[in-house]
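Participant: Provided herewith is a single structure, encoded as structure tokens, for subsequent inquiry.
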Amino acid sequence: MLTVKKLALSTLISSSLLFYPALQAFAETPQHVVKQPAGGYSVQVGDVLVTSFTDGSVAQDLHKLLRRTTPQKIDALLAKNFQTNPAEVSINAFLIAMPGHKILVDTGSGQLFGPGNGGRLIESLATQGIKPEDITEVLLTHAHSDHSGGLVKDGKAVFSNARVFVGKPDIDFFFNNDNQKKTGYDKNYFTVAQKTLKPYLDAGKVVPFSGTSDLLPGITGTVHPGHTPGSAFYTLTSKGEKITFVGDIIHAAAVQFPQPDVTITYDEDHNKAASVREHAFEEFVKNKDLIAAPHLPFPGIGYVSKGENGGYVWVPVTYTNRDASSAK
């Protein structure tokens with residue numbers, strides 16, 4: 001989940017420098033924010049082509065959003081990555097292309113963040129000739145606005161021919177307003193989940209699942225409660241290769257890789273969310289797993305490596321641009 005904040009970047013930088021003068025050289029580093037062409041980047045996983053599509057990016061005030069840390073620590077870690085607060089965060093969605101199936105993992109923010117902030121997935125899909133009606137399945141990592149928002153436009157289903165797979169605990173949680181009162185979790189999360197999923201529920205096109213389930217040929221889903229009760233990983237396996245789509249296991253790469261215990265206000269259960277991240281990172285390192293994440297810098301595909309002092313490091317997939325059959 002991401003929330004767009006209209007902030008004066010220069011004001012934030014100036015005020016932070018009063019307290020952290022050692023970071024001034026980094027804070028003055030240009031952020032090079034421009035609107036990029038819509039489009040995608042593909043990797044081959046066994047026999048299956050997986051493409052990351054950009055839905056855009058948004059600025060996030062990590063001082064306000066991150067938990068279990070301090071603004072000083074956040075700024076120091078951002079500075080090491082030549083970033084400043086607010087930090088730019090990608091919104092990525094992923095297409096799995098198999099015979100008879102065009103499967104989207106998440107749908108971006110749609111109209112929910114307003115003009116200029118995300119909502120570019122349909123434009124990106126169109127660069128490769130893919131129309132919304134071509135999508136046969138949607139694998140929803142969880143029911144937050146920047147993942148389920150693209151499911152609807154003006155209250156109507158965008159992917160009219162698609163079934164939507166989602167962790168059953170998200171349906172049970174977000175479609176019972178008593179849970180908002182019990183937990184204090186922001187009411188807007190419930191409103192968004194109901195708004196974006198209801199057209200598909202009414203059409204009988206939502207497929208809830210629990211635990212670990214085989215969903216489609218070569219694709220399993222596993223519920224990992226924490227960020228939301230029904231947050232899910234999806235793993236595609238083909239010809240002995242695999243990729244795991246991890247949802248919102250991480251938002252702020254510069255901070256949460258070196259300090260995976262840091263959580264974010266969007267987490268429904270902070271203890272569980274931190275535990276899921278720690279365990280998953282450990283497994284990804286041990287197994288050298290390829291992962292795809294919606295909020296890591298586009299295309300959001302790569303590996304997790306062990307870092308210093310119990311932390312981790314993100315290693316993006318190596319960019320390639322040639323015919324695989326050409327001479328090496």
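The values are calculated or read from the model by the stated rules, or taken from the named source; none is laboratory data. None of these values were measured; they are calculated from a predicted model. Cβ sites come from the backbone with ideal geometry, for glycine too, and all protein chains shown count toward neighbours. Calculation scope for accessible area: heavy atoms of the full protein, side chains included, ligands and nucleic acids excluded. Shrake-Rupley method; radii C 1.70, N 1.55, O 1.52, S 1.80 Å.
Participant: What size of dipole, in debye to the nearest 20, comes out for the chain about its Cα centre when the only charges are +1 on Lys and Arg C-beta atoms and -1 on Asp and Glu C-beta atoms?
Facilitator: 220
Participant: Put +1 on the Cβ of each Lys and Arg and -1 on the Cβ of each Asp and Glu in the chain; which of Ser90, Val166, Ala274 then has its Cα farthest toward the positive end of the dipole?
Facilitator: Among Ser90, Val166, Ala274, the one farthest towards the positive end of the dipole of the chain is Ser90.
Participant: Another question, if that's okay. Please identify, among Pro297, Pro132, Pro217, the residue showing maximal mean-square fluctuation in a Gaussian network model of the chain using a 10 angstrom Cα cutoff.
Facilitator: Of Pro297, Pro132, Pro217, the most mobile in the Gaussian network model is Pro217.
Participant: Based on the mean of other Cβ atoms within 10 Å per residue, sort peptides 60-66, 203-209, 106-112 so the most packed one is first.
Facilitator: 106-112, 60-66, 203-209
Participant: To continue, here is another question. Using a Förster distance of 45 Å, how high is the FRET efficiency between Arg68 and Asp214, based on the Cβ-Cβ distance and rounded to 0.05?
Facilitator: After rounding to 0.05, the efficiency reads 0.80.
Participant: Roughly how many percent of the accessible protein surface of region 97-250 is carbon and sulfur, given a 1.4 Å probe and a whole-percent answer?
Facilitator: On the way: 3170 of 6270 Å².
That share works out to 50 percent.
Participant: Per DSSP H run of n ≥ 4, the term is -39500 (n - 2.57); total these for the chain, divide by its residue number, and report the mean residue ellipticity at 222 nm rounded to 500 deg cm²/dmol.
Facilitator: It lands at -7500 deg cm²/dmol.
Participant: Over the chain, give the accessible area per residue in Å² for a 1.4 Å probe, as an integer.
Facilitator: Ligands and nucleic acids excluded, the result is 46 Å² per residue.
Participant: Further question: Of (i) 24, 46, 22, 6, 1, 0; (ii) 32, 59, 8, 0; (iii) 31, 53, 12, 3, 0, which one was derived for P(r) over Cα pairs in 20 Å bins from 0, in percent from the structure shown?
Facilitator: Given (i) 24, 46, 22, 6, 1, 0; (ii) 32, 59, 8, 0; (iii) 31, 53, 12, 3, 0, the calculated one carries the label (ii).
Participant: For Arg163, what residues show an amide H to amide H distance below 5 Å, using hydrogens built from the backbone and excluding near sequence neighbours?
Facilitator: Glu137, Val138
Participant: OK, next. Highest first, please rank the peptides 267-278, 161-172 by the mean number of other Cβ atoms sitting within 10 Å of their residues.
Facilitator: Ranked from most to least packed, the peptides come out as 161-172, 267-278.
Participant: Amide H of Val105: which non-local residues (sequence gap of 5 or more, or other chain) have their own amide H closer than 5 Å, using H built in the peptide plane?
Facilitator: Phe94, Leu95, Ile96, Leu139
Participant: Need one number: nm distance between label points at Thr127 and Lys195, each 7 Å from Cα along Cα→Cβ, rounded to one decimal.
Facilitator: 2.8
Participant: Could you pull out every one of the lysines with an alpha carbon less than 23 Å from that of Lys242, ignoring same-chain neighbours closer than 8 positions?
Facilitator: Excluding near neighbours in sequence, the set is Lys102, Lys286, Lys288, Lys306.
Participant: Further question on the same structure: How large is ³J(HN,Hα) for each residue in region 304-320, as worked out from phi by the Karplus curve 6.51 cos²θ - 1.76 cosθ + 1.60 (θ = phi - 60°), to whole Hz, x for Gly and Pro?
Facilitator: Working through the residues one at a time gives 10, 10, 6, x, 9, 6, x, x, 9, 9, 8, 10, x, 4, 5, 5, 10 Hz.
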